[in-house]
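For reference, the structure discussed in these notes is given below.
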Amino acid sequence: MTDAPKKIDHGGSAFPILPPVDGTGREAVGYPYIDPGMTLRDWFAGQALPVCMQQLAAVSQNDFVELGRGYGITGKISLPDLASRLAYRQADAMIAMRNGGAS
(Lines give C-alpha, C1' and ligand atoms only; values in the text may rest on other atoms or scores of the structure.)
Protein backbone atom coordinates (compact mmCIF):
# COMPACT_ATOMS: atom_id res chain seq x y z
CA MET A 1 0.00 0.00 0.00
CA THR A 2 1.41 3.39 -0.96
CA ASP A 3 0.77 6.62 0.84
CA ALA A 4 -1.17 9.23 -1.07
CA PRO A 5 0.94 12.26 -2.01
CA LYS A 6 0.73 15.08 0.52
CA LYS A 7 -1.57 17.87 -0.63
CA ILE A 8 0.35 21.14 -0.81
CA ASP A 9 -1.28 24.22 0.69
CA HIS A 10 -0.61 26.93 -1.91
CA GLY A 11 -2.00 29.64 0.35
CA GLY A 12 -4.49 30.92 -2.22
CA SER A 13 -3.89 33.72 -4.68
CA ALA A 14 -0.99 36.09 -3.96
CA PHE A 15 -2.78 39.00 -5.61
CA PRO A 16 -6.51 38.28 -5.56
CA ILE A 17 -8.67 40.26 -7.93
CA LEU A 18 -11.98 41.47 -6.62
CA PRO A 19 -14.68 41.11 -9.24
CA PRO A 20 -16.23 44.32 -10.48
CA VAL A 21 -19.82 44.96 -9.55
CA ASP A 22 -22.57 46.68 -11.47
CA GLY A 23 -24.76 49.48 -10.15
CA THR A 24 -26.92 47.02 -8.20
CA GLY A 25 -23.95 45.44 -6.44
CA ARG A 26 -24.02 42.21 -8.45
CA GLU A 27 -20.75 40.68 -9.59
CA ALA A 28 -19.93 40.96 -13.28
CA VAL A 29 -20.38 37.88 -15.44
CA GLY A 30 -17.29 35.71 -16.01
CA TYR A 31 -15.77 35.92 -12.55
CA PRO A 32 -13.81 34.53 -10.95
CA TYR A 33 -11.14 34.31 -13.59
CA ILE A 34 -10.25 30.80 -14.71
CA ASP A 35 -6.56 31.48 -13.99
CA PRO A 36 -6.14 33.12 -10.56
CA GLY A 37 -2.44 33.85 -11.27
CA MET A 38 0.45 33.40 -8.88
CA THR A 39 -0.20 31.55 -5.64
CA LEU A 40 0.95 32.84 -2.29
CA ARG A 41 3.32 29.84 -2.14
CA ASP A 42 4.93 30.94 -5.42
CA TRP A 43 5.22 34.51 -4.14
CA PHE A 44 6.86 33.42 -0.88
CA ALA A 45 9.27 31.11 -2.75
CA GLY A 46 10.19 33.91 -5.13
CA GLN A 47 10.98 36.17 -2.20
CA ALA A 48 13.15 33.49 -0.56
CA LEU A 49 14.97 32.40 -3.74
CA PRO A 50 17.65 35.14 -3.92
CA VAL A 51 18.68 34.54 -0.31
CA CYS A 52 18.76 30.76 -0.86
CA MET A 53 20.98 31.21 -3.93
CA GLN A 54 23.28 33.60 -2.10
CA GLN A 55 23.66 31.28 0.89
CA LEU A 56 24.23 28.19 -1.26
CA ALA A 57 26.92 29.96 -3.28
CA ALA A 58 28.95 30.15 -0.07
CA VAL A 59 28.61 26.42 0.75
CA SER A 60 31.54 24.08 0.10
CA GLN A 61 31.20 21.66 -2.82
CA ASN A 62 30.97 18.61 -0.52
CA ASP A 63 28.25 20.20 1.61
CA PHE A 64 26.45 21.37 -1.53
CA VAL A 65 26.33 17.82 -2.91
CA GLU A 66 25.23 16.47 0.48
CA LEU A 67 22.40 19.05 0.66
CA GLY A 68 21.30 18.14 -2.85
CA ARG A 69 21.14 14.46 -2.02
CA GLY A 70 19.16 15.30 1.12
CA TYR A 71 16.58 17.03 -1.09
CA GLY A 72 16.32 14.02 -3.35
CA ILE A 73 18.34 15.34 -6.28
CA THR A 74 20.06 12.56 -8.17
CA GLY A 75 22.74 13.12 -10.76
CA LYS A 76 24.24 16.55 -11.28
CA ILE A 77 23.15 19.07 -8.68
CA SER A 78 22.74 22.64 -9.93
CA LEU A 79 22.53 25.78 -7.84
CA PRO A 80 19.16 26.87 -9.29
CA ASP A 81 17.58 23.43 -8.70
CA LEU A 82 18.71 23.18 -5.10
CA ALA A 83 17.94 26.85 -4.36
CA SER A 84 14.41 26.41 -5.77
CA ARG A 85 13.77 23.40 -3.55
CA LEU A 86 15.00 25.31 -0.51
CA ALA A 87 12.89 28.36 -1.44
CA TYR A 88 9.72 26.27 -1.70
CA ARG A 89 10.55 24.63 1.63
CA GLN A 90 10.72 28.15 3.12
CA ALA A 91 7.42 29.06 1.44
CA ASP A 92 5.73 25.97 2.88
CA ALA A 93 7.00 26.90 6.35
CA MET A 94 5.67 30.45 5.99
CA ILE A 95 2.23 29.19 4.95
CA ALA A 96 2.21 26.75 7.87
CA MET A 97 3.02 29.59 10.27
CA ARG A 98 0.25 31.75 8.75
CA ASN A 99 -2.14 28.89 9.45
CA GLY A 100 -1.10 28.79 13.11
CA GLY A 101 1.28 25.85 13.01
CA ALA A 102 4.77 24.85 12.07
CA SER A 103 5.93 22.46 9.38
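The values are calculated or read from the model by the stated rules, or taken from the named source; none is laboratory data. Note that this is a predicted model, so its numbers are computed, not measured. Remember, those area values only see protein heavy atoms, side chains included, never the ligands or the DNA or RNA. Shrake-Rupley method; radii C 1.70, N 1.55, O 1.52, S 1.80 Å.
Can you list residues whose amide H is under 5 Å from residue 13's amide H, if they're 5+ apart or on another chain and H is modeled 1.01 Å from N?
For residue 13, whose amide H was placed from the backbone, the distant partners under 5 Å are 40.
Quick one: length gained pulling residue 66 to residue 9 fully straight, 0.36 nm per residue minus the C-alpha distance?
Taking residue 66 through residue 9 to full extension adds about 17.8 nm, to one decimal.
Apply the Karplus curve 6.51 cos²θ - 1.76 cosθ + 1.60, θ = phi - 60°, to the phi angles in the stretch 39-56 and return the couplings in whole Hz, x for Gly and Pro.
For the stretch 39-56, the Karplus-derived couplings read 7, 4, 4, 4, 4, 4, 4, x, 6, 7, 4, x, 5, 4, 5, 5, 5, 5 Hz, x marking Gly and Pro.
From largest accessible area down, sort 77, 8, 95; use a 1.4 Å probe on the protein chains.
8, 77, 95
So how much accessible area does residue 89 have, in Å² to the nearest 10, using a 1.4 Å probe?
Around 130 Å² of this residue is reachable by solvent.
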